[in-house]
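Below you'll find the structure, written out as structure tokens, and then a few comments.
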Amino acid sequence: MGQTIAQKIIAKHAGVERVTPGEIYLVDVDFAFGNDITAALSIKQFNEIGARKVFDPEKVGLIPDHYTPNKDIKTAIITQSMRNFAREHGITHHYEVGEVGIEHALLPEKGVVLPGDLVIGADSHTCTYGALGAFSTGIGSTDLTFAWITGKVWLKVPETLKFVINGKLPRWSGGKDIILYIIGKIGVNGANYRVMEFSGDTIRNLNMDNRFTICNMAIEAGAKTGIIEPDEKTIEYVEQRKERSTYTVYKSDKDAEYEKIYEINAEDIVPQVAFPHLPENTKPIYEVEKMDIRIDQAVIGSCTNGRISDLEIAAKILKGHKVANKLRLIILPATPAIYREALERGYIEIFLDAGAVIAPPTCGPCLGGHMGVLAPGEKAISTTNRNFRGRMGHVESEVYLSNPAVAAASAIAGKIVSPEYILGGN
Amino acid sequence: MKLKGRVWKFGDNVDTDVIIPARYLNTTDEKELAKHCMEDLDPEFASKVKPGDIIVAGESFGIGSSREHAPIAIKASGVSLVIAKSFARIFYRNSINIGLPILENEEVYDLVETGDEIEVDLDKGEIHVKGKTLEARPFPEFIKEIIRYGGLLNYAKEKYL
């Protein structure tokens, strides 16, 4: 029996020939990082138990992206502790405000995570790097502390669900719609503890940004990670930015064992909207448009949809339009490099002309942290990844999840609409 | 170890954003976190929960974020155990790692209401409720070892420091 890509990466890092679902291994990690919420706790634990040095200062990441630039004094103290820890231990991957971006956009962009790596991050969306053919998964602060000391993490070998997506996506649909559609079908618990492997010609035809979006939200189906076999697009992306000279491309064997295989026709995946308060509450946009859902805020950004091709789509729709009266459109380029590229391509001017505000690269409003928190009764359309109760602010606010095209069109209309509502059928 | 406690019953998909909302994540102080535990689901939970109380919940308890602040807030609030039909995977490992006892069982949920008392034998994975004895899903050997050490940091201290 063959092995899946996920099994091969785990086996390699466990130092064994092959692994079987259900087995637990202490595996070597290639990179272990945390952010200003989670690393704060790890640093405290690390010091409290009397650890003296990290296993490898080049394999530890400190990425203050959630509440930065510091939103309050408590956050300032936390980011200070990260800065101090970085100095004390010679951590090379500590990113200060000005160079910091949202971790899951930043690490691939900087070539820190490469195909075949086994990466853990104290952030649930660490599953994003599966788009590079890495095995990456979100863990907690104690796991991170443990990895900083030992270079290892305990992992149960997961079963894999395979999603084969073929065919041409409808206009204005992208990676976000594919993953929302799948979560709508299998539910927020549908892939719990499992790997979601995405394949098929629709996936092959997607650019890397859209592939990151898909793997990013694997956690929203409960998955340990999402993963896509590297192809020529992956290699091109990696070669332009890799920080280390070598990496390993793994592919699933033809006779690899899957718990279940889902065949999906891409033509069925029109733009999706996930209703409050779970990402599985999806509806096709054309149904949603008829419901006349008025919105107070639109957010375009996050580790899910804050990359350059997301901003490109938003710019295409916002160009020459104004946001609706009394609506706040907040756009957050996910990294400084994305911000700069958006500026050079003229997108930032389009956004400002449309009446949007551009926020610095931060997770900010996605988790109701800062930069766009909602009041009671307010509704937001957002390209982020979660719409739990109170996620973006007050417990009586509501978040609707969509792709950047729908969010941009809705910002103009003041209600949730399809891009065609603004641009017509072309 | 044997536990006896009053039940707090919650439904399916209790997410980490309601267990401890992000507006309180600018601290790692467990007492501070406990003050806001479950606030967006039941604003009275933190003030009414008593040491030893037991949370019983439905599917996917702890879905969402990797924030360990969620099991920490629950543990620091005095809750002695969480029993759920299933746990989201990061919450599951975080609980094991920090030493918050958790058990997976599908039947308890329909048998109890908030305020009921149940008894649990953690070592045997037995739950005694309304005259019935139910068995929790057993833990794999490695996880049992972490539990025996009282969490992953103690394990690390013992074996690596």
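Points worth noting:
- By average C-beta atoms within 10 angstrom, highest first, the peptides A:230-241, A:394-405: A:394-405, A:230-241
- Cα gyration tensor, chain A - rounded (a/c under 1.5), prolate or oblate: oblate
- Percent accessible area from carbon and sulfur atoms, chain A, protein chains only, probe 1.4 Å: 47 percent
- Efficiency of FRET between A:Ile49 and B:Glu44 - r from beta-carbon atoms, R0 45 angstrom, step 0.05: 0.80
- Selection among A:Leu118, A:Asn265, A:Ala39 by position relative to the dipole of the protein assembly as shown gives A:Ala39 as farthest towards the positive end (Cβ unit charges, Cα centre).
- With both labels modelled 7 Å from their Cα along Cα-to-Cβ, the B:Phe139 to B:Glu32 distance reads 3.0 nm.
- Contact-buried residues of segment A:176-224, at a threshold of 20 Å² lost accessible area versus the chain by itself: A:Val188, A:Asn189, A:Asn192, A:Tyr193, A:Ile219, A:Lys224 (1.4 Å probe; DNA, RNA and ligands ignored).
- 10 Å Cβ neighbours from other chains, averaged over peptide A:386-395: 6
- Between A:Glu263 and A:Glu23, the simple label model (points 7 Å from Cα in the Cβ direction) yields a spacing of 3.2 nm.
- Buried on complex formation within segment A:55-86 (loss of at least 40 square angstrom of accessible surface versus the isolated chain, 1.4 Å probe, ligands and nucleic acids ignored): A:Tyr67, A:Lys74.
- Compared with its chain on its own, segment B:28-42 contains the following residues whose accessible area drops by 30 Å² or more in the full protein assembly (probe 1.4 Å; ligands, DNA and RNA excluded): B:Thr28, B:Asp40.
- Beyond 24 Å in Cα-Cα separation lie the following of the pairs B:Lys75/B:Lys124; A:Lys260/B:Lys85; B:Lys50/B:Lys144; A:Lys156/B:Lys31; A:Lys152/B:Lys157: B:Lys50/B:Lys144; A:Lys156/B:Lys31.
- Chain A: relative contact order in percent, alpha carbon pairs under 8 Å with at least 6 residues between: 17 percent
- DSSP-loop GluC sites (Glu not before Pro) across segment A:1-78, with at most 11 other Cβ within 10 angstrom: A:Glu17
- Here the peptides A:357-365, B:103-111 are ranked by packing, the mean other Cβ count within 10 Å, and the order with the highest first is A:357-365, B:103-111.
- Per residue of B:10-17, other chain Cβ atoms within 10 Å of the residue Cβ number 4 on average.
- Antiparallel bridges, percent of DSSP beta bridges restricted to segment B:80-161 (to nearest 5): 70 percent
- Bridge type composition, the protein assembly as shown - antiparallel percent by DSSP, nearest 5: 30 percent
- For the residues of B:61-74, the average number of beta carbons from a partner chain within 10 Å of their own beta carbon is 6.
- Across segment A:1-50, Cα pairs under 8 Å and at least six residues apart give a relative contact order of 23 percent.
- Chain B: C-alpha gyration tensor shape, a/c 1.5 cut-off, then a/b vs b/c: oblate
- Other residues lying with their Cβ under 10 Å from the Cβ of A:Thr225 contribute a combined charge of +1, Lys and Arg counting +1, Asp and Glu -1.
- With the simple model of a label 7 Å out from the Cα in the direction of the Cβ, A:Asp255 to A:Glu232 spans 3.0 nm.
- 10 Å beta-carbon shell around A:Pro21, net charge (K/R +1, D/E -1): -2
- For segment A:64-201, the per residue solvent-accessible surface stands at 25 Å², with DNA, RNA and ligands left out and a 1.4 Å probe.
- For chain B, relative contact order (Cα pairs under 8 Å, six or more residues apart, normalised by length) works out to 25 percent.
- Pairwise burial B:A, computed as accessible area of each alone minus the pair, summed, 1.4 Å, Å²: 4000 Å²
- For chain B, with all protein chains in place and a probe radius of 1.4 Å, 46% of the accessible heavy-atom surface sits on carbon or sulfur.
- Sum of side-chain charges, A:Lys290 neighbourhood, beta-carbon under 13 Å (Lys, Arg +1; Asp, Glu -1): -1
- Cα shape, segment A:1-84, gyration tensor, a/c 1.5 rule: prolate
The values are calculated or read from the model by the stated rules, or taken from the named source; none is laboratory data. Keep in mind that what you see is a predicted model, and the values were worked out from it rather than measured. Because the Cβ atoms are built from the backbone with ideal geometry, glycine has one as well, and the counts that use them run over all protein chains shown. We work out accessible area using only protein heavy atoms, side chains counted, and drop any ligands, DNA or RNA first. Shrake-Rupley method; radii C 1.70, N 1.55, O 1.52, S 1.80 Å.
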